[in-house]
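So the structure is just underneath, and the comments pick up after that.
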Amino acid sequence: MFQESSTPAFVPGADAPALGATAASRRQFINHAGRGLLATAVAGALPLAAAEAADLSGFGTQAQTPTGDLDIKLPPLEAPTDPKAGPFPNPDAPDQRVGFAIVGLGHLTLAEILPAFGQCKHAKPVALVSGDADKMAKAAKQYGIKPSSCYSYQAYDQLKDNPEVQVIYIVLPNAQHHEFTIRGAKAGKHILCEKPMANSVKECEEMIAACNKAGKKLMIAYRIQYEPLNRAAMKLVRDKTYGKTKLIQMMNCQNQAHDQQWRHKKALAGGGSLPDVGLYCLNTTRFLLGEEPTEVSAQIYSTPGDDRFREIEENVSFTLRFPSGVISQCMTGYGSFNAKSYAVHAETGTIKMDPAFPYKGLKQELVHAPNGKQVIEQPSNPDKQQFALEMDHMAECVRNNKTPYTPGEEGLQDQRIMEAIYQSAKENRPVKLTAGVGKTDAFRGPAPAEEPA
């Protein structure tokens with residue numbers, strides 16, 4: 001176990017340095033957060049076992065060792081007129097999965113990412129990095145991760161010597177994405193980085209350059225672009241199922257706790273509601289249309305006297321204009337009741353997602369009027385684990401040497417536009433945009449394999 005002369009304060013809900021820290025003190029926090037590898041013995045093993053295959057053509061036949069594809073198929077239970085349950089998960093055997101190191105053990109990692117590996121087909125957790133040795137020991141025991149594969153932040157670079165780790169998933173405060181991506185690439189590992197990619201265009205560009213120099217892949221964790229209902233909405237828009245899209249409305253708001261979490265500190269978060277939850281409005285609009293905006297105009301307002309917004313913004317309203325003529329009105333906030341929805345208004349119908357952005361429980365409505373009578377359709381929700389989908393995509397990109405669907409360039413483009421949003425609000429005027437204009441999916445890689453409903 002780590003022995004530290006002084007124990008830094010930890011932020012509730014984040015694996016991050018003390019909130020009042022300067023950039024120098026944050027660095028000191030990471031260096032002091034743990035010295036050396038976690039040495040405490042951890043019992044248990046990852047609850048995954050290779051599938052056994054047996055010849056069931058008759059009793060008493062000897063079990064056969066599986067070879068090649070492990071897909072298991074059985075006759076359907078449902079009549080042709082009933083909804084289908086879908087195929088079995090058919091995951092890879094554990095020794096064939098791509099190994100991930102998770103950096104940061106805050107709310108997102110413990111509540112969503114680590115549990116998501118239970119639904120992954122191609123990815124598995126093999127290492128942890130944290131500044132809290134006790135928390136890391138508990139998580140390692142829960143998920144069968146070896147004590148020798150648990151690292152302090154100071155020992156992060158030693159991941160280069162762990163052959164089980166192929167991908168590093170960075171789940172740290174925004175300000176730390178830049179440093180840990182570059183260090184991870186230098187350690188010879190592929191990088192999956194949480195959104196927003198970084199706190200500036202310059203940082204994004206340096207992250208891309210570092211991964212390119214190391215010959216490693218960089219993917220940004222835009223889970224919505226892998227989620228089945230949102231992908232279905234994208235296909236309806238691009239296929240012009242209801243004619244040309246005219247207007248889009250996006251809303252992503254939540255009421256932040258009155259505490260001193262890192263998201264309220266500009267040095268750590270880079271901004272307020274915009275880079276945290278407003279980014280979903282921006283990125284999802286671009287994803288649905290496959291276009292890049294030509295202009296943005298914005299307004300920002302924060303409630304006077306609210307300590308949460310001394311350093312970062314509360315509410316942002318911004319409008320995106322696209323070459324096709326589509327206007328997208330987006331709103332995001334940190335001080336209003338939870339609302340996470342969008343509506344795409346086309347010539348002959350409307351595509352609604354409400355909720356659109358949570359981790360589970362998404363709902364879609366299709367409103368149109370065939371034969372002059374209004375119809376509201378509610379497609380069934382596959383409710384796939386979104387983090388499992390994105391991690392499996394990254395694993396397949398590593399295995400097959402493919403560019404991720406949401407590479408670093410996708411994160412860089414969002415950062416460009418967010419900086420233009422801040423500029424527009426500050427100068428009270430529209431700001432022109434040129435990057436990627438006129439190209440379809442200008443910054444995305446090949447589309448991921450479609451998940452069966």
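The values are calculated or read from the model by the stated rules, or taken from the named source; none is laboratory data. Bear in mind that the values here come from a model prediction, so they are computed numbers and not experimental data. Don't worry about glycine lacking a Cβ; one is built from the backbone with ideal geometry, like all the others, and counts go over all protein chains shown. We work out accessible area using only protein heavy atoms, side chains counted, and drop any ligands, DNA or RNA first. Shrake-Rupley method; radii C 1.70, N 1.55, O 1.52, S 1.80 Å.
Per-residue answers, yes or no, for (1) over 19 Å from the mean Cα position of the chain (by Cα); (2) at pLDDT below 95; (3) within 24 Å of PRO293 (Cβ to Cβ):
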| residue | (1), (2), (3) |
| --- | --- |
| MET331 | yes, no, yes |
| ASN338 | yes, no, no |
| HIS345 | yes, no, yes |
| ALA356 | no, no, yes |
| LYS363 | yes, no, no |
| HIS368 | yes, no, no |
| VAL375 | yes, no, no |
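Would you confirm, using the coordinates I've provided, whether TYR242 is in contact with a strand residue (DSSP E or B) (Cβ under 8 Å, 6 or more places away or on another chain), farther than 19 Å from HIS107 by Cβ, in contact (Cβ under 8 Å) with a residue 12 or more places away in the chain and of a type in the set (Phe, Trp, Tyr)?
Criteria met by TYR242.
Got a sec? Which of GLY408, GLY438 is within 24 Å of ILE220 (Cα to Cα), among the small types (Gly, Ala, Ser) and touching a Leu at 6+ places or on another chain (Cβ under 9 Å)?
GLY408
Inspect the range 231-248 for any residue being under 23 Å from HIS177 (Cα atoms), open to solvent by less than 20 Å² (accessible area, probe 1.4 Å) and among the small types (Gly, Ala, Ser) and give the result as yes or no.
No, there is no match, as no residue in the range 231-248 is under 23 Å from HIS177 (Cα atoms), open to solvent by less than 20 Å² (accessible area, probe 1.4 Å) and among the small types (Gly, Ala, Ser).
Any residue in the range 390-404 that is in a strand (DSSP E or B) and either touching a Gly at 6+ places or on another chain (Cβ under 6 Å) or at pLDDT 95 or above (or both)?
no
At least 2 residues that are buried (at least 16 other Cβ atoms within 10 Å of the Cβ), touching a Pro at 6+ places or on another chain (Cβ under 9 Å) and at negative phi in each: list the strands (runs of 3 or more DSSP E) lying fully within the range 273-365 that qualify.
Of the strands (runs of 3 or more DSSP E) lying wholly inside the range 273-365, those with at least 2 residues that are buried (at least 16 other Cβ atoms within 10 Å of the Cβ), touching a Pro at 6+ places or on another chain (Cβ under 9 Å) and at negative phi span 295-301, 315-321, 335-346.
Here is a check on your reading of the model: is ILE145 β-branched (Val, Ile, Thr) and assigned to a loop (DSSP other than H, G, I, E, B)?
yes
Based on this model, can you work out whether LEU218 counts as at pLDDT 95 or above and open to solvent by less than 20 Å² (accessible area, probe 1.4 Å)?
The answer is yes for LEU218.
Scanning the range 207-236 for residues that are among the basic types (Lys, Arg) and touching a residue at least 40 places away in the same chain (Cβ under 8 Å), which turns out nearest to VAL165 (Cα to Cα)?
Residue satisfying both the conditions and the ranking: LYS217.
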